[in-house]
Amino acid sequence: MRADHGLLPMALLAATMVLASGPRWAGQAHAQTPLPDFTSQRNLPIELDARSSEFDRGSNRLLFQGLHITQGTLSVEADAAETMRLDFENSRWVFRGNVKIVNQGTSIWCADAELSFLGHQLQAALVHGAPARFEQERPGGQRTEGRAGTMDYDVAGGTIRLLTNAWVSDGANEIAGERISYDLGRQHVVAEAGGSGRVRMKINPPQRNATGGRAP
């Protein structure tokens, strides 16, 4: 059976698994979305553009206002940022206020974020918001979006873990739970209720045109 939406097959498999084994949801999309190979991106320069910068000797920290970092297709911007190292070989950054991260076709918006760089390349991001949000562009103009109080973005592994009031949708179907893990390349979802809660799903019927057939 052909999939009309990226997450629809996952929803169908999820319903089976929920009935068979309790509140756990997992499945896989009809086709995998290959993520760009960013292995060579570490060889590209990292550029910083800030409204202002200063060095706080008391805390041994570099402070930035209105910072924008780019490396190839990676983009990170925020109202403020701070770090103890500027070489990006093994450094941790804290971003605060209107944080936006764009990488590998995925955009994340949040209130604050902790980013880890290793070997001149972004490895992971822990983001917080009320809620934090992500959006992934998929082939054919489709997109997957999600939100949660906290998101753990494993850049190297290509996964996002949504924690606390997690929600994911492909634009037609939705799933919500206390914790959701989303594989960006495979479009594979695992949802967990947590505690005595439940995993909630909404499966919408496909849109149809005026003649009663499926919409193109």
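What is the list of residues in region 103-145 whose amide nitrogen lies under 13 Å from a point 7 angstrom out from the Cα of E89, following Cα to Cβ?
Correct set: 118-121.
For the pair S75 and R61, how long in nm is the line joining their label points, each one 7 Å along Cα→Cβ?
Taking the simple label geometry, S75 and R61 are separated by 2.7 nm.
List the relative contact order of region 65-216 as a percent without decimals, with contacts defined as Cα pairs under 8 Å and 6+ residues apart.
12
With θ set to phi - 60°, apply the Karplus curve 6.51 cos²θ - 1.76 cosθ + 1.60 along region 186-192 and write out the HN-Hα couplings as whole Hz, x wherever there is a Gly or Pro.
7, 6, 9, 10, 10, 10, 10
Return the sequence-ordered ³J(HN,Hα) values of region 144-154 in whole Hz as given by the Karplus equation 6.51 cos²θ - 1.76 cosθ + 1.60 applied to θ = phi - 60°, using x for Gly and Pro.
Listing the rounded values in order: 10, 9, x, 8, 5, x, 9, 10, 10, 9, 8 Hz.
Assuming 0.36 nm per residue, please report the length gained on full extension of the stretch N43 to K202 beyond their Cα-Cα distance.
Difference between extended and current length: 52.9 nm.
Using the 10 angstrom Cβ neighbour count as an exposure proxy, how do F88, F95, F117 rank, fewest first?
F88, F117, F95
Taking θ = phi - 60°, what integer Hz values does the Karplus form 6.51 cos²θ - 1.76 cosθ + 1.60 yield along region 84-100, in sequence order, with x for Gly and Pro?
Each residue's phi maps through the Karplus curve to give 9, 9, 10, 8, 6, 6, 7, 9, 10, 10, 10, 10, 9, x, 6, 7, 9 Hz.
A short reminder: the numbers here are calculations on the coordinates, not readings from a lab. Everything numeric here is computed off the predicted structure, so don't read it as measured data. Cβ sites come from the backbone with ideal geometry, for glycine too, and all protein chains shown count toward neighbours.
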